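The values are calculated or read from the model by the stated rules, or taken from the named source; none is laboratory data. As the structure is a prediction and not an experimental result, all values here were calculated from the model. Positions of Cβ are generated from backbone atoms using ideal geometry, with glycine treated the same way; all protein chains shown enter the neighbour counts.
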Amino acid sequence: MSEEAALPAASVATAGQPAAAARLFLPRGAYPETRRDGLVEQVFGQRVADPYRWLEADPRGDAGVAGWIARQNALSADYLAKLPGRERLATRIRALFDFERYGLPRKAGRSYFYTRNTGLQNQSALWVRRGLDGEQRLLVDPNLWSADGSLALAQWEPSPSGRYLAIAEQEAGSDWRTLRVVEVSSGRVLDERVDWANDTEIAWVGDEGFLYSRFPAPGQGEDARAPRFGKAVWFHRVGTAQDRDEQVFATPDHPEWSHKALVTSDGRWAVVVSEISTDKRNAVHLIRLTGRERGTWKAEALVPDIADHWKLVAGIGERLWFLTDRGAPNYHLVRVDLSRPQEGWQVVVPQRGNTLEGARMIGDRFLLSYLRDGQSVAVMTDRKGRPGKAITLNGIGTASGFGGRPGDTETFYQFTSFNMPPAVYRMDLRTGAVTPFAVPRMAFDPADYDVEQRQFTSKDGTKVPIYIVRKRVLAAADKPLPTLLYGYGGFDISLTPAYSPVRMAWLEAGGAFALANIRGGGEFGRSWYEAGRRENKQNSFDDFIAAGEFLIREGIAGKGQLAIQGASNGGLLVGAVVNQRPDLFAAANPDVGVMDMLRFDRFTSGRFWVDDYGRPDREEDWRTLRAYSPYHNIATGKPYPAILVTTADNDDRVVPAHSFKYVAALQAGDIGEKPHLLRVESRAGHGAGKPVDKVIGAGADVMAFLAYWTGLSL
């Protein structure tokens, strides 16, 4: 393919869009040839075409799919490299990443463990210091594990005494984990390996060993992307091989159940939580660890049914505290005394108007974390739930962390916002004094940026909050700006203010950023979540469309200046709203999105999502899914915005086939000559563990693309 064919230029500006010297359009003939099969199925009385199902094949074993990906990547790389300002943007993103940053410390014994990145390290390393003011020592450096930075330190947990450290290695962004044990005093990694851990906790039983969750090892020739069943809790004893691990808890009669284990801070109880989906409902079983004979694990049901959400807060002796939404949609804190089962559950902190999203027992009190208007607020109480003082923060932002154990005299928390990189603070619980532990030096002045929270009205009259971030001088000028709108709206997950170097580069260039807290998320409790899932999913799309209309109506963005972005469920959101309102948006970036809603449950983690989306094998749910599935609803005959679809070759959560099929359908459609491109990251997954170099490269490509098509000068 010649350069002229790949990147035809025209001196034409789209109506309402800032003029440019040349627009880099792509007519349908410029895309790589894609095989179109005649596959049509009859489902619930409807004929459904699936011409690109062949792209579901694993490219590691299918040369046809691998070749198609290579041709798509070649086209997008050529296109993106020619975008004006792309290299300057990459340089600026790199500079914005180049600051020392720390993770939240965890105390074990007399040692403090924390992650630290000097700035441009591909992966953050793990450090330890003896005592709060002790000299820090490098303990685990994942940057030495691989030349390309694709091996990451995904999890870590010190044993209670601080003698050992369990770490989880992640390769190329995969959700699979390999667990290893580090001897803290020497830094030596012990010989044993624990494979096939996935979505696991690491729960130490003293210094003896730890509980973890794993699936059965895949059989030879088994499709690695097939749905997973049979997850169980196991115990690994330090100094032994994995084949000597003991199965602690499993439900062979319910292979669809997944299990995780925690251990109370006093080491008395193992608490096993069982789930059947990503919906926040679980059963709870208890295993008494004190007085247990070696090799025996007897579990008793505390909450036998999967009907409500239970989150362990603390355990002291025979008393256990949980957060639950049983009888309290916004959650309350409850206690059970196992020595007095006849008393049942006692409410310690009742439900209030704001969602109680987290709680920790630290020292002699509780630290409660509430969501108020999409922001986190921390409140102290005594152990009887009597309120103490709120922890006040300056400005709009997110506070997280507040870890610790009963008896501790301190806790650490992190504060971040759109214009504030994460800073770590230590709170003395005896005096209430807060002191900095690690505050980053920034390459910009946060005061130069205006962060506000406003509301807009959705299609059905619902008021929806939205954050808007701009340079203060541009906000004062009150002129429309190229604007990036971000959303998610699913799985009861809350989007709160957070810092991103990639996003900051967009703001520095003069763009605006908006984050809409649409329905389906967890920002306002169970009712907000329920209003945006399954048969109500269209509400999420209506909210996001209304957010875009609001930004233009209020003059924050001009017509032709609005780009949208979302990842995972947010990628689905972007694909759906582009189909429904292609006229509203100038550019879009659906990232690692769920795009084929009729087959999502057939791959890897997809079966866990049916409580959010519905079941494709159930007619009522299928009809809802068919109505908005991005792959099946491309509105041919209408001009579409410029679209850059991004995914990764090793994403084993939302398999990249979703993006492949969607892009193939876009490129075949009669939807105008703005580009509809695919960018596939190599040796990366759903997002976690991605090396900084890859984050910078992808960020520069995506932002340069969105900037070009919204008129943002770089």
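Annotations
- Only one of the numbered conditions (1) in contact with a Phe, Trp or Tyr (Cβ under 9 Å, 6 or more places away or on another chain); (2) within 30 Å of ALA168 (Cα to Cα) is violated by LYS694, and that is (1).
- Tally of residues being in a loop (DSSP other than H, G, I, E, B) and within 26 Å of the chain's Cα centre (by Cα) across region 526-561: 3
- Of all the listed residues (LEU666, LEU625), the sole one being assigned by TED's automatic domain parsing to the domain that holds TYR529 and under 24 Å from the mean Cα position of the chain (by Cα) is LEU625.
- Residues in region 66-98 that are among the β-branched types (Val, Ile, Thr) and surrounded by 14 or more Cβ atoms within 10 Å (Cβ to Cβ): ILE69, ILE93.
- Pick from region 325-373, criterion assigned to a loop (DSSP other than H, G, I, E, B) and basic (Lys, Arg), ranking: farthest from ARG454 (Cα to Cα): ARG340
- Filtering region 439-453 to residues that are in contact (Cβ under 8 Å) with a residue 40 or more places away in the chain and either in contact with a Pro (Cβ under 9 Å, 6 or more places away or on another chain) or part of a loop (DSSP other than H, G, I, E, B) (or both) leaves PRO440, ARG441, MET442, ALA443, PHE444, VAL451, GLN453.
- Here PRO105 fits the description: of a type outside the set (A, V, I, L, M, F, W, C) and closer than 24 Å to ARG360 by Cβ.
- All positions within region 403-438 that are assigned to a strand (DSSP E or B) and closer than 30 Å to ILE552 by Cβ: THR416, SER417, MET420
- Answer residue from region 16-55, given it is basic (Lys, Arg) and modelled with pLDDT of 95 or more and is farthest from the chain's Cα centre (by Cα) among those: ARG47
- Identity of the residue in region 241-274, touching a residue at least 40 places away in the same chain (Cβ under 8 Å) and charged (D, E, K, R), that ends up farthest from ARG405 (Cα to Cα): GLU256
- Among residues that are under 15 Å from PHE210 (Cα atoms), charged (D, E, K, R) and in contact (Cβ under 8 Å) with a residue 24 or more places away in the chain, LYS280 is not included.
- Where a residue in region 614-633 is closer than 21 Å to TYR52 by Cβ and its partner, wherever it lies, is acidic (Asp, Glu) and assigned to a loop (DSSP other than H, G, I, E, B), with Cβ under 6 Å and at least six apart: TYR631/ASP596
- Subset of region 299-309 that is closer than 22 Å to VAL248 by Cβ and among the hydrophobic types (A, V, I, L, M, F, W, C) - its residue that is surrounded by the fewest Cβ atoms within 10 Å (Cβ to Cβ): ALA301
- Among residues of region 273-290 being over 24 Å from ARG526 (Cα atoms), hydrophobic (A, V, I, L, M, F, W, C) and surrounded by 20 or more Cβ atoms within 10 Å (Cβ to Cβ), the one that is farthest from the chain's Cα centre (by Cα) is ILE287.
- Pairs, first under 18 Å from GLY397 (Cα atoms) in region 486-498, second in a loop (DSSP other than H, G, I, E, B) and of a type in the set (Val, Ile, Thr), C-beta under 7 Å, six or more apart: GLY487/ILE518; PRO497/ILE396
- Screening region 617-655 for residues that are among the aromatic types (Phe, Trp, Tyr) and in contact with a helix residue (DSSP H, G or I) (Cβ under 6 Å, 6 or more places away or on another chain) and picking the one that is farthest from TRP176 (Cα to Cα) gives TYR628.
- Applying the condition of being under 27 Å from the mean Cα position of the chain (by Cα) and closer than 21 Å to SER265 by Cα to region 367-392 and asking which residue is surrounded by the most Cβ atoms within 10 Å (Cβ to Cβ) yields LEU368.
- Flag for ASP617 being farther than 18 Å from ILE493 by Cβ, crowded, with 20+ Cβ neighbours inside 10 Å and in contact with an Asp or Glu (Cβ under 9 Å, 6 or more places away or on another chain): no
- SER629 fulfils the conditions (1) within 22 Å of ARG533 (Cβ to Cβ); (2) in contact with a Pro (Cβ under 9 Å, 6 or more places away or on another chain); (3) small (Gly, Ala, Ser) except for a single criterion, (2).
- The condition (being surrounded by fewer than 19 Cβ atoms within 10 Å (Cβ to Cβ) and either among the hydrophobic types (A, V, I, L, M, F, W, C) or at positive phi (or both)) is satisfied by just one residue among LEU312, LEU323: LEU312.
- Neighbours by Cβ (under 6 Å, 6+ apart or cross-chain): first from region 654-671, more than 16 Å from SER76 (Cα to Cα); second among the acidic types (Asp, Glu): ALA657/GLU56; HIS658/ASP596; LYS661/ASP596
- Residue ID - farthest from the chain's Cα centre (by Cα), chosen from residues in region 393-450 that are of a type in the set (Val, Ile, Thr) and closer than 28 Å to TRP506 by Cβ: VAL439
- Single match in ALA241, ALA217 (criterion: more than 27 Å from the chain's Cα centre (by Cα) and either exposed (fewer than 14 other Cβ atoms within 10 Å of the Cβ) or of a type in the set (Ser, Thr, Tyr) (or both)): ALA241
- Some residue of region 516-523 being touching a residue at least 40 places away in the same chain (Cβ under 8 Å), part of a loop (DSSP other than H, G, I, E, B) and closer than 20 Å to PRO482 by Cβ: no
- Residue match in region 563-579 (condition: crowded, with 24+ Cβ neighbours inside 10 Å and assigned to a loop (DSSP other than H, G, I, E, B)): no
- Residue in region 563-570 that is under 30 Å from ASP98 (Cα atoms), in contact with a helix residue (DSSP H, G or I) (Cβ under 6 Å, 6 or more places away or on another chain) and of a type in the set (A, V, I, L, M) present: yes
- Residue satisfying all of: in region 55-78; polar (S, T, N, Q) and out of contact with any Pro (no Cβ under 8 Å at 6 or more places or on another chain); farthest from MET703 (Cα to Cα) among these: ASN73
- Considering region 184-209, the residues that are closer than 23 Å to ARG130 by Cα and part of a strand (DSSP E or B) include one that is farthest from the chain's Cα centre (by Cα), namely ARG188.
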